[in-house]
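Input: a single structure, listed below in structure tokens.
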Amino acid sequence: MPAIPKIRPVSDLRNKFSDISRTVHESASPVFLTKNGRGDMVVMSMEAYEQNLFESEIYLKLKEAEYQAASVKKRYTHDEVMTELRNTISKKSGKKV
């Protein structure tokens, strides 16, 4: 079950910064800040931000792989992929893998 988003007025950023900081670090979830009742900003810890970036990069790479797969008909088995990978590593390292 997804966590309920934490929503605070933007004035809390100035008046209750320590509380917001503690919340984003302890929960690893963002705090959504509103201005005049409308969404204005999102505050999150650096760790959560970096995790979000990492997950976004993985998602983009998976999308790219899907597009590439859709553009060719040839499919490879697990054994074919692993054999090719071992051969590539072997050639680069000069050692048999």
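A short reminder: the numbers here are calculations on the coordinates, not readings from a lab. Everything quoted here is computed from the prediction, not taken from an experiment. All Cβ positions, even for glycine, are placed from backbone atoms using ideal geometry, and neighbour counts span all protein chains on display.
One table, with the values for the structure above:
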quantity	calculated
Residue list for the range 72-93, restricted to those being surrounded by 11 or more Cβ atoms within 10 Å (Cβ to Cβ) and not β-branched (V, I, T)	M82, E84, L85, R86, N87, S90
Qualifying positions in the range 22-44 - loosely packed, with under 12 Cβ neighbours inside 10 Å and on the phi > 0 side of the Ramachandran plot	N36, G37
Subset of the range 76-96 [basic (K, R) and over 22 Å from A65 (Cα atoms)]	K91, K92, K95, K96
Odd one out for E47, checked against (1) closer than 28 Å to K6 by Cβ; (2) surrounded by fewer than 10 Cβ atoms within 10 Å (Cβ to Cβ)	(2)
Of all residues in the range 48-97 being in a helix (DSSP H, G or I) and either among the basic types (K, R) or at positive phi (or both), the one that is farthest from the chain's Cα centre (by Cα)	K91
